[in-house]
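These notes concern the structure reproduced below.
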Amino acid sequence: MGKALTLVLRNLESYIESSFDAISIFLCIHILHRYEAILKRRNVPCLASYLQRLQSQLWPRFEMIVELNLASIRDCEPSKLGHIDIRPHYITRRYAEFSAANVGINESQPQHKVLELLGRLQQEVENFILRMAAEFPGRKEQLVFLINNYDMMLAVLTERTSDDSKESESFQQLLNARTGEFVEEALSPGFGGMISFVKDIEPLMERGQGARIKTDQSRLQMIVRGFSNDWKRNIEAINQDVMRSFSNFKNGQGILQAVLTQLIQYYHRFTKILSQPPFTGMAGIRSQLVNIHHVMVEVKKHRTQF
């Protein structure tokens, strides 16, 4: 029996020295934990030392392979990867598959050292994604790239692990934050003047400092007239831009709805401001406002097209 076990140990050592498959090694570790539990439950202690020796060979190799992945991600220069477009990158896809496999194996019998290693790997991947996003000249393109990659990684993780895993929760928070920022960027080209006006005036009114507001009628006239003339065209442009930008149609639909909902909210706040002093006397300007219900009807049309 002793010679057979020694032969197994030698063969295992020979195999893992040339293996860089962290998932298969961790799966072996997990199987050994299961065998340990079975032997303990059946009160068979004779193989305990043998199983521990197997694990003592597997754990260092697993940790070394993950550390190599960490170093590879940390030292990777996006400028050397060739052309980068706004779609999910193959490196983030590989990370998502790797992390999901290990998290899935680790869920039934969590190992603290695995959680620590995967947490460090996730941090390096997040930093790497930010470095890749910085290769794009415009903030809007950076956000689209980040959203596409966060969404892809989240989809892989939630498909193969529990929804409340640490990794899924982290990427969901990042996705929500970047989506909120994209909403503002998407509205800025067509409705930036109105949004700036709301953000400038609304705080003063909320603090009861309406008397301090300087009523620049020419600016207000330009905002109202610009909205009345171009609001449908600008909504269509937003719709087309979102359809082109996001690789996941379901995610793109959610983002489009978020953008259009935020537009309705801004316009409602804008019209509310104009209904209060010192703007109540500007009947000529207020008469040019588009009825908010017309805007809502148009928004509903675009929501159903994605």
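The values are calculated or read from the model by the stated rules, or taken from the named source; none is laboratory data. As the structure is a computational prediction, the values presented were derived from the model and not from experiment. Don't worry about glycine lacking a Cβ; one is built from the backbone with ideal geometry, like all the others, and counts go over all protein chains shown. To get the accessible areas, we keep the full protein, side chains included, count just its heavy atoms, and leave off ligands, DNA and RNA. Shrake-Rupley method; radii C 1.70, N 1.55, O 1.52, S 1.80 Å.
Numbers below:
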{"read-out": "Residues of the range 252-291 satisfying the condition of being open to solvent by 50 Å² or more (accessible area, probe 1.4 Å) and either touching a Lys or Arg at 6+ places or on another chain (Cβ under 7 Å) or aliphatic (A, V, I, L, M) (or both)", "value": "Gln257, Ala283, Gln288"}
{"read-out": "Failed item in (1) over 15 Å from the mean Cα position of the chain (by Cα); (2) within 27 Å of Leu256 (Cα to Cα), with Glu116 passing the rest", "value": "(2)"}
{"read-out": "Scan of the range 181-218 for residues that are under 15 Å from Arg139 (Cα atoms) and open to solvent by 40 Å² or more (accessible area, probe 1.4 Å), ordered by number", "value": "Glu181, Glu184, Glu185, Ser188, Pro189"}
{"read-out": "Flag if Ile38 is of a type in the set (Val, Ile, Thr), under 30 Å from Val8 (Cβ atoms) and exposed (fewer than 15 other Cβ atoms within 10 Å of the Cβ)", "value": "yes"}
{"read-out": "Residues satisfying the stated conditions in the range 51-79, i.e. in contact (Cβ under 8 Å) with a residue 12 or more places away in the chain, farther than 30 Å from Gly252 by Cβ and of a type outside the set (D, E, K, R)", "value": "Leu51, Leu54, Gln55, Gln57, Leu58, Trp59, Phe62, Ile65, Val66, Leu68, Asn69, Leu70"}
{"read-out": "Qualifying residue in the range 80-94 (condition: over 30 Å from Gly252 (Cβ atoms) and not polar (S, T, N, Q))", "value": "yes"}
{"read-out": "Cross-chain or 6+ apart pairs with Cβ under 8 Å, the range 188-208 first and within 19 Å of Leu260 (Cβ to Cβ), then open to solvent by 20 Å² or more (accessible area, probe 1.4 Å) and of a type in the set (Ser, Thr, Tyr)", "value": "Ile195/Ser188"}
{"read-out": "Long-range neighbours under 9 Å by Cβ, at least six apart or interchain, first residue more than 13 Å from Val299 (Cα to Cα) within the range 232-260, second of a type in the set (S, T, N, Q) and in a loop (DSSP other than H, G, I, E, B)", "value": "Met243/Gln305"}
{"read-out": "Filter result (of a type outside the set (S, T, N, Q) and more than 29 Å from Gly252 (Cα to Cα)) within the range 95-111", "value": "Ile105, Glu107, Pro110"}
{"read-out": "Residue check, Asn127 within 15 Å of the chain's Cα centre (by Cα), of a type outside the set (A, V, I, L, M, F, W, C) and farther than 23 Å from Gly254 by Cβ", "value": "yes"}
{"read-out": "Qualifying residue in the range 82-103 (condition: at pLDDT below 95, of a type outside the set (Val, Ile, Thr) and closer than 18 Å to Leu32 by Cβ)", "value": "yes"}
